[in-house]
1. Collect the residues in the range 553-573 that are under 28 Å from the mean Cα position of the chain (by Cα) and either over 20 Å from residue 158 (Cα atoms) or outside the structural domain of residue 475 (by TED's automatic domain parsing) (or both), keeping them in residue-number order.
2. When residues of the range 329-374 are filtered for being away from the ligand (no atom under 16 Å from the Cβ), assigned to a helix (DSSP H, G or I) and aliphatic (A, V, I, L, M), how many remain?
3. Report yes if some residue within the range 105-113 is within 16 Å of the ligand (Cβ to nearest atom), without any contact (Cβ under 8 Å) to a residue 60 or more places away in the chain and of a type outside the set (S, T, N, Q); otherwise report no.
4. Which residue pairs have Cβ atoms under 6 Å apart, sit 6 or more places apart or on different chains, and have a first residue in the range 247-267 that is within 23 Å of residue 487 (Cα to Cα) and a second that is assigned to a helix (DSSP H, G or I) and among the hydroxyl-bearing types (Ser, Thr, Tyr)?
5. Hey, can you tell me all the residues within the range 426-444 that are over 22 Å from the mean Cα position of the chain (by Cα) and open to solvent by 10 Å² or more (accessible area, probe 1.4 Å)?
6. Could you check residue 549 against (1) in contact with a Pro (Cβ under 8 Å, 6 or more places away or on another chain); (2) open to solvent by 10 Å² or more (accessible area, probe 1.4 Å); (3) closer than 18 Å to residue 468 by Cα and say which number it fails?
7. Run residue 127 past the list (1) open to solvent by 10 Å² or more (accessible area, probe 1.4 Å); (2) part of a helix (DSSP H, G or I); (3) touching a residue at least 40 places away in the same chain (Cβ under 8 Å); (4) more than 16 Å from the ligand (Cβ to nearest atom) and report the number of the one that doesn't hold.
8. Which condition does residue 524 not pass, out of (1) in contact (Cβ under 8 Å) with a residue 40 or more places away in the chain; (2) part of a helix (DSSP H, G or I), if it passes all the others?
Amino acid sequence: MTSPSAHAPGPAPDDEDGTTTDLDAVVVGAGFSGVYALHSLRGIGLDVRVVESGGDVGGTWYHNRYPGARCDIESLDYSYSFDHDIQQEWTWTERYASQPEILAYIRHVADRLDLRRHVDLHVRVTSATWDEASGRWSVGTDAGRSYTAQHLVLATGVLSAAQSPQIPGLESFEGTLVHTADWPDGTPDAANAADREAINGKRVGVIGTGSSATQLIPLVAERAARLTVFQRTPNFVMPAQNHPLGESVVDEWKAHYPERRAFARRSRNGHNQASNPLRGRDLTTAERHAELESRWSSGGLYMMRAFADILTDPYVNAEAADFVREKIRNIVDDPRTAADLLPPRDLAIGTKRLCSGTNYYETYNRDDVRLVNLRRTPIDRIEAGGVRTRRSGVGEGAPAAQAAAGDEPGGLHELDTLVLATGFDAMTGSYVRIDVTGRDGLTLREKWRDGPRTHLGVMSAGFPNLFLMAGPQTPSVFSNMVTQAEIHVEWVTRAIRDLREAGLGTIEASVDAEDAWVDHVTAEAEQTLYATSRNSWFWGANTPGKAQVFTPYIGGIARYLEAITTAADQDYAGFARTQPTPTLA
Ligand code: NA7
């Protein structure tokens, strides 16, 4: 097995000699949250460093460099609001920004605010231990250096702990093996040598049909000699309807940015996308159909905003799902392939993250693209030369009569390159992969074994001065992540400033408040169709051995912002704040 050689743009650390740096705050991760946290905490006079495993700032947008990687929130919304000059200077070129454009944007922000000198690249944080005596965190890394800090901000992302499938023989594959979340460094276009070598003119296989795969597949199909897609669960894929942004649209946004940003924070999803307040139940079939048709035409995730009850009323949801199924049948020429692409009946639309792509279903009309339905012919194992499938439930060597009855025979799909588009240990993976140890030796991994426990998603009892950014039990993945990140950074900045001004040393979630928040997050989900469709990473279902708990908060940005602001206004209700330890006093 080989992977394209990684050539990262940022300089590697030069002082891997066991040095320890003492700081006010360590921020782990240089994505949207981490970059803003650095700027904001520096703004209140803290000595801060960001520690980042990648070769540049960007987080998700640094690592997920696969062809077609693109945001599914509109670019004019998916950007920082905190600096008016930056939002006036920067001009987005497309309705949905591509990965290279978003990465260029974050790099620009880091340069513009002179943040890079506070960022340590190519350094992975491996441990963080609370020291009660000093009231500080000790942060260990894989680069030989360590840090201590009064405050620790984990801006590690909810979709960053990449996950490879546990398929027998994976390590024996002799072609190029690459995960979408760890694509060869550089830009994802054909100019990148490693990327070109892996895809162009090659026999490529893709395992997975989630958001990453459905963006990648149409572009890889254009460049590969042959593409084989291994699909376990068909998803609902909306046409993104992406297009270049007209000058007048950009100018109009720039003229009204403050109002737009304020609207986003008062909205459910943290952006300006139009949502229909009407319930599908109260409309006629014709009215519902017209609304669905208009949502399909406007593209992207707008479908889930078609009706107020689309995620609570099974009838309304099923009708929307059938509408999309009909679109799939109409687009895909081969009836059997079309049938294989239809999402299953027990998957309520939207309860698995909706995908947004360009020419996804159309790609299956190409002669050089083949869909392998793993429900009919599951993967048996991976071999040196490719992926071997077998007849469902019968193994190899099943009777020929079975094949004649429509059951595919299985066999070896020969490949030069295998792309794993198999997702992430979502929501909690990036936190628990670090050995985080709080008070009395309690580890975060152990504490969260049956699901994450936080107050307002921002702190967890037993872990003083540890702040979690845009993570579990916040709107995060159900919202514009940049809005969520800004809300958290601003709250944490305020919390630390207030703590210092009050002459206090630690802040920590209280157990009672945490219990109440966990119950609230769960109760909100139980009132929706998410409770009936649990086979998704929202529930941890994609990660073997993980507790099946609904992890995001679906109450929306507006309610979340009110809750967390009120807590701070009420003298940090639900949080305990204590005197500094003697060594700090
Ligand atoms: P996702 O959405 O978790 O998709 C992963 C895909 O990989 C999905 O189709 C899985 O099928 C498939 N998968 C995972 N393991 C296997 C095995 N062992 N065999 C076959 N197929 C497998 O990850 P993405 O990277 O696409 O997107 C993650 C989020 O990032 C996305 O929602 C956006 O918010 C951005 P399954 O459905 O589990 O049957």
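1. 558, 559, 562, 563, 565, 566, 567, 568
2. 3
3. No.
4. What qualifies is 264/483.
5. 437, 439, 440, 441, 442, 443
6. Of (1) in contact with a Pro (Cβ under 8 Å, 6 or more places away or on another chain); (2) open to solvent by 10 Å² or more (accessible area, probe 1.4 Å); (3) closer than 18 Å to residue 468 by Cα, only one is false for residue 549: (3).
7. Exception for residue 127: condition (2).
8. (1)
The values are calculated or read from the model by the stated rules, or taken from the named source; none is laboratory data. None of these values were measured; they are calculated from a predicted model. Neighbour counts are summed over all protein chains in view; Cβ atoms, including those assigned to glycine, are modelled from backbone coordinates with ideal geometry. Note: areas computed on protein heavy atoms with side chains; ligands, DNA, RNA excluded. Shrake-Rupley method; radii C 1.70, N 1.55, O 1.52, S 1.80 Å.
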